[in-house]
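Undergrad: Just passing along the structure, written as structure tokens.
The values are calculated or read from the model by the stated rules, or taken from the named source; none is laboratory data. Computed from a predicted structure; not experimentally measured. In this analysis, Cβ positions are derived from the backbone assuming ideal geometry, glycine residues included, and neighbour counts consider all displayed protein chains.
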Amino acid sequence: MLTDRTPARPWLSSYPPHVPAEIEVDRLGTLVDLFEASLSQFADRPAVQCFGAQMSYAAVGQSARDLASWLAAQGLGKGDRVALMMPNVPAYPVAIFGVLLAGCTVVNVNPLYTPRELTAQLNDSGARILVVLENFAHTVADALPEIALDRVVVAGPGDGLGLKGRLIGLASRHIKKAVPAYSFPAGLAIRFEAALKDGHGRKPPEVAVSPDDLAFLQYTGGTTGIAKAAMLTHRNIVANVTQSEVWLGVARSKAGRKVMVTALPLYHIFALTACFFFFFKVGGCCLLIPNPRDAAGFVKTLKGTRFTHLSGVNTLFNLLLNTPGFDQVDFSRVEFTIAGGMAVQAPVAARWQAVTGHAIIEGYGLSETSPVVCVNPPGLAQWSGTIGYPLSSTDLVIRDLDGRELPFGEPGELCVRGPQVMAGYWKRPDETARATTADGFFRTGDVAVLGADGQVRIVDRMKDMILVSGFNVYPNEIEDVLAGHPGVLECAVVGAESEETGETVVAHVVRKDEALTAEALRAYARSQLTGYKVPRRIVFRDTLPKTNVGKVLRRALRDETGPV
């Protein structure tokens with residue numbers, strides 16, 4: 001509801017006719033309500049597809065209830081934390097709903113974590129049970145001396161897919177040798193399907209879940225680089241699903257099957273909300289891609305699937321575009337391709353549209369905002385270069401470091417308020433206070449510009465800005481220029497200490513053309529950038545350090561880049 005304290009919302013005049021200024025936040029239910037409603041409407045539809053096989057809504061629902069019953073039998077109840085450590089395999093969506101049905105809180109864990117990283121997250125969250133894909137069980141075994149778990153549930157890659165799933169598991173273990181040896185103390189571990197079987201004969205838990213209950217502890221580096229968990233309630237996630245639904249207009253149509261290509265891992269908030277929960281609510285199917293880095297296998301899957309939606313990040317789109325056979329993928333049924341997680345580069349966006357015939361719809365969000373804050377409208381004729389407009393019931397202001405609101409076109413910190421914004425950081429009230437303004441806005445740490453029409457453009461992360469002789473230099477701008485050179489596959493720009501200018505620009509580049517020289521690339525940059533923005537040093541390398549989602553780790557590059 002609009003109040004006297006609500007900032008001006010110039011974006012409302014640009015809203016499509018079907019999009020309301022507000023969603024009815026007080027009438028939102030829980031993720032358990034979403035689960036039950038979709039099961040009653042879409043029982044026979046495929047909810048999950050992976051390894052060429054499918055699970056129906058009814059099958060996901062029954063397995064989730066069985067897991068909830070098993071968790072209750074272990075003594076878990078409302079508020080207890082259960083950690084999930086898996087890539088995109090069928091057991092993951094089952095586990096998510098099973099934990100929520102039991103009234104517990106999901107702690108998403110990156111399966112590529114080291115024992116040290118895993119120990120820190122499990123001890124911080126206080127998770128009592130961990131569900132892990134067997135391929136990563138050895139990490140858990142190595143961390144056991146430092147963590148306290150009631151049980152470990154070990155899943156196979158094909159669990160939930162019947163006979164084909166068991167064959168997939170056998171191939172993974174014995175042919176691909178993809179499961180390193182591990183050992184757990186007697187009585188600690190149980191197989192995922194054995195837990196479901198045990199829960200099937202038990203009475204389902206009767207837990208009253210409310211919208212304000214904690215659904216997820218979503219760990220993030222946030223704006224300070226310190227790993228901490230955003231506390232996301234059922235209301236936060238359901239609100240964001242509802243906001244996205246009214247904006248994107250994906251109808252619950254019985255005619256035609258909606259299939260979202262879900263290559264980003266479900267432990268990442270973008271895939272969790274925008275792919276899984278969103279499409280579960282509208283009766284769609286999540287096409288799970290367990291290993292998107294296997295580009296050839298990914299393209300093969302795309303060729304064999306009639307998909308209607310695709311999500312990703314800039315590096316994933318670039319990877320696909322440079323994979324043989326991608327230009328033969330059928331995009332005729334696609335309604336939109338949506339990007340988030342990091343800035344889309346203009347050369348990648350242009351090439352994507354040339355190859356697929358579809359413009360990339362770019363959005364913006366963070367773990368702390370469940371995640372979507374802004375998104376472009378579907379049906380764009382071409383990539384806009386902005387993150388679009390704030391969603392319904394979302395307030396947004398641009399402020400300087402002293403908290404003063406800035407005029408249109410002036411870059412400053414993007415601050416957000418809305419029903420999708422987290423309840424705070426887990427066990428870190430000081431961090432919560434630092435990230436929250438007196439009038440209830442979340443400080444994102446991103447530099448943005450608000451246009452008079454309400455469109456928002458992200459400039460860069462505040463912490464990534466480079467100060468050259470007193471001038472602000474934003475790496476995104478330079479990366480966009482360098483990526484346009486035909487000899488560049490991908491690049492990342494960071495700042496380095498300089499006695500002469502305070503800081504200077506360093507570009508790390510992966511070449512597409514090995515004949516490309518630093519001098520030639522610097523000359524190209526000089527033709528499009530003012531002098532102080534041109535990289536003083538260019539480092540050619542075989543790869544760029546990235547997160548498992550595909551975001552470039554600028555922090556790692558800064559650490560290895562010495563003074564210039």
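Undergrad: Given the structure, is V493 buried (at least 17 other Cβ atoms within 10 Å of the Cβ) and more than 16 Å from R522 (Cα to Cα)?
TA: No, not satisfied.
Undergrad: Another question about this same structure. Kindly indicate whether any position in region 132-139 is surrounded by fewer than 19 Cβ atoms within 10 Å (Cβ to Cβ), charged (D, E, K, R) and either touching a Gly at 6+ places or on another chain (Cβ under 7 Å) or over 13 Å from V94 (Cα atoms) (or both).
TA: Looking for residues that are surrounded by fewer than 19 Cβ atoms within 10 Å (Cβ to Cβ), charged (D, E, K, R) and either touching a Gly at 6+ places or on another chain (Cβ under 7 Å) or over 13 Å from V94 (Cα atoms) (or both), one finds none in region 132-139, hence no.
Undergrad: Please go through region 445-467 and pick out each residue that is modelled with pLDDT of 90 or more, in a strand (DSSP E or B) and at negative phi.
TA: Within region 445-467, D446, V447, A448, V449, L450, V456, R457, I458, V459, I466 meet the criteria.
Undergrad: Exactly one condition in (1) more than 29 Å from the chain's Cα centre (by Cα); (2) more than 17 Å from D460 (Cβ to Cβ); (3) not hydrophobic (A, V, I, L, M, F, W, C) is not met by T530; state its number.
TA: (2)
Undergrad: When the residues of region 544-563 are filtered to those that are of a type in the set (V, I, T) and out of contact with any Lys or Arg (no Cβ under 6 Å at 6 or more places or on another chain), which remaining residue is surrounded by the most Cβ atoms within 10 Å (Cβ to Cβ)? Talk me through it step by step, then tell me what you get.
TA: Narrowing region 544-563 to residues of a type in the set (V, I, T): 547, 549, 552, 561.
Okay, now just the ones that are also out of contact with any Lys or Arg (no Cβ under 6 Å at 6 or more places or on another chain), so 547, 549, 561.
On the way: T547: 18, V549: 22, T561: 17.
Once the filter is applied, the top-ranked residue is V549.
Undergrad: Might you check whether a residue that is more than 30 Å from L320 (Cβ to Cβ), more than 26 Å from the chain's Cα centre (by Cα) and modelled with pLDDT under 90 occurs anywhere in region 501-510?
TA: Yes.
Undergrad: Return the total of residues in region 18-55 being in a strand (DSSP E or B) and under 28 Å from V373 (Cβ atoms).
TA: Residues meeting the conditions: 2.
Undergrad: If you check V94 against the conditions, is it among the β-branched types (V, I, T), crowded, with 24+ Cβ neighbours inside 10 Å, in contact with a Ser or Thr (Cβ under 8 Å, 6 or more places away or on another chain) and touching a residue at least 40 places away in the same chain (Cβ under 8 Å)?
TA: Numbers: among the β-branched types (V, I, T): yes; crowded, with 24+ Cβ neighbours inside 10 Å: yes; in contact with a Ser or Thr (Cβ under 8 Å, 6 or more places away or on another chain): yes; touching a residue at least 40 places away in the same chain (Cβ under 8 Å): yes.
Against the criterion (among the β-branched types (V, I, T), crowded, with 24+ Cβ neighbours inside 10 Å, in contact with a Ser or Thr (Cβ under 8 Å, 6 or more places away or on another chain) and touching a residue at least 40 places away in the same chain (Cβ under 8 Å)), V94 qualifies.
Undergrad: Residue by residue through region 280-328, note down the ones that are assigned to a loop (DSSP other than H, G, I, E, B), under 15 Å from V355 (Cβ atoms) and without any contact (Cβ under 8 Å) to a residue 60 or more places away in the chain.
TA: The answer is T323, P324, G325.
Undergrad: Can you work out which of the residues in region 435-444 that are among the β-branched types (V, I, T) and assigned to a strand (DSSP E or B) is surrounded by the fewest Cβ atoms within 10 Å (Cβ to Cβ)?
TA: T436
Undergrad: Report yes if L130 is among the aliphatic types (A, V, I, L, M), in a loop (DSSP other than H, G, I, E, B) and in contact with a strand residue (DSSP E or B) (Cβ under 6 Å, 6 or more places away or on another chain), otherwise no.
TA: Against the criterion (among the aliphatic types (A, V, I, L, M), in a loop (DSSP other than H, G, I, E, B) and in contact with a strand residue (DSSP E or B) (Cβ under 6 Å, 6 or more places away or on another chain)), L130 does not qualify.
This table checks each residue for (1) over 28 Å from the mean Cα position of the chain (by Cα); (2) touching a residue at least 24 places away in the same chain (Cβ under 8 Å); (3) surrounded by fewer than 20 Cβ atoms within 10 Å (Cβ to Cβ).
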site	(1), (2), (3)
V179	no, yes, yes
F184	yes, yes, yes
G187	yes, no, yes
Y219	no, yes, no
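Undergrad: Could you grab me the full set of residues in region 470-527 that are part of a loop (DSSP other than H, G, I, E, B), within 21 Å of T315 (Cα to Cα) and either of a type in the set (G, A, S) or without any contact (Cβ under 8 Å) to a residue 24 or more places away in the chain (or both)?
TA: G484, G487, E514
Undergrad: If you don't mind, another one. How many residues are part of a loop (DSSP other than H, G, I, E, B), under 16 Å from V481 (Cα atoms) and in contact (Cβ under 8 Å) with a residue 24 or more places away in the chain if we restrict to region 528-549?
TA: Adding up the residues that qualify gives 5.
Undergrad: Find the helices (runs of 4 or more DSSP H) located wholly in region 161-273 whose residues include 1 or more that are at pLDDT below 95 and either closer than 22 Å to G312 by Cα or among the hydrophobic types (A, V, I, L, M, F, W, C) (or both), and list them.
TA: Helices (runs of 4 or more DSSP H) meeting the threshold: 162-170, 234-248.
Undergrad: Then there is this: Report, by residue number, each residue of region 66-79 that is assigned to a helix (DSSP H, G or I) and more than 26 Å from the chain's Cα centre (by Cα).
TA: Answer for region 66-79, where residues must be assigned to a helix (DSSP H, G or I) and more than 26 Å from the chain's Cα centre (by Cα): D66, S69, W70, L71, A72, A73.
Undergrad: For region 329-352, enumerate the residues that are without any contact (Cβ under 8 Å) to a residue 40 or more places away in the chain and buried (at least 17 other Cβ atoms within 10 Å of the Cβ).
TA: Within region 329-352, V329, V334, T337, A339, V344, A349, W352 qualify.
Undergrad: Now a separate question. Determine if region 302-314 includes at least one residue that is among the aliphatic types (A, V, I, L, M), touching a Phe, Trp or Tyr at 6+ places or on another chain (Cβ under 6 Å), surrounded by 18 or more Cβ atoms within 10 Å (Cβ to Cβ) and closer than 26 Å to Y267 by Cα. Before you say what the answer is, go through the steps one by one.
TA: Just the residues of region 302-314 that are among the aliphatic types (A, V, I, L, M), to begin with: 302, 310, 313.
Then drop every residue that is not touching a Phe, Trp or Tyr at 6+ places or on another chain (Cβ under 6 Å), which leaves none.
Checking region 302-314: not a single residue is among the aliphatic types (A, V, I, L, M), touching a Phe, Trp or Tyr at 6+ places or on another chain (Cβ under 6 Å), surrounded by 18 or more Cβ atoms within 10 Å (Cβ to Cβ) and closer than 26 Å to Y267 by Cα.
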